[in-house]
């Protein structure tokens, strides 16, 4: 496994690793050689289930059981919104798609910040909130 993926997975709780670990191999196959991972988080998405997400140097990549996967390049992201009391809800708006998931507070915030860093500023305002 790539070191930039293995390292963030190693700091996850044992419970999260056991639930999301098998998804890491699917995620790894989606990454290009020249892509580096900035942040990884695991969460729960309504209607999808357990999801493993990575913010790379080029895009947001997410995988779930059953073959579900999404890849969104940063210029396609309109906003990144975070909030919640018990755990953190991260909502990412793109052209035609909304991806929402609950993640542990610290890793969810770190992940949202990594996506925001990659998202370009749009003329007339910020693309990421």
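The values are calculated or read from the model by the stated rules, or taken from the named source; none is laboratory data. All values reported here derive from a predicted model rather than from experimental measurement. Reconstructed Cβ throughout: ideal geometry from the backbone, glycine too, with neighbour counts over all protein chains shown.
Quick notes on this one:
- Of the residues making up the stretch 99-116, those that are in contact with a helix residue (DSSP H, G or I) (Cβ under 9 Å, 6 or more places away or on another chain) and over 12 Å from residue 40 (Cα atoms) are 101, 102.
- Picking from residues in the stretch 8-35 that are at pLDDT 85 or above and within 23 Å of residue 82 (Cβ to Cβ), the one that is farthest from the chain's Cα centre (by Cα) is 23.
- Flag if residue 69 is touching a helix residue (DSSP H, G or I) at 6+ places or on another chain (Cβ under 7 Å) and buried (at least 17 other Cβ atoms within 10 Å of the Cβ): no
- Single unsatisfied condition, residue 51 versus (1) assigned to a helix (DSSP H, G or I); (2) closer than 23 Å to residue 15 by Cβ; (3) modelled with pLDDT of 90 or more: (1)
- None of 51, 11 is surrounded by fewer than 16 Cβ atoms within 10 Å (Cβ to Cβ) and under 18 Å from residue 108 (Cα atoms) except 11.
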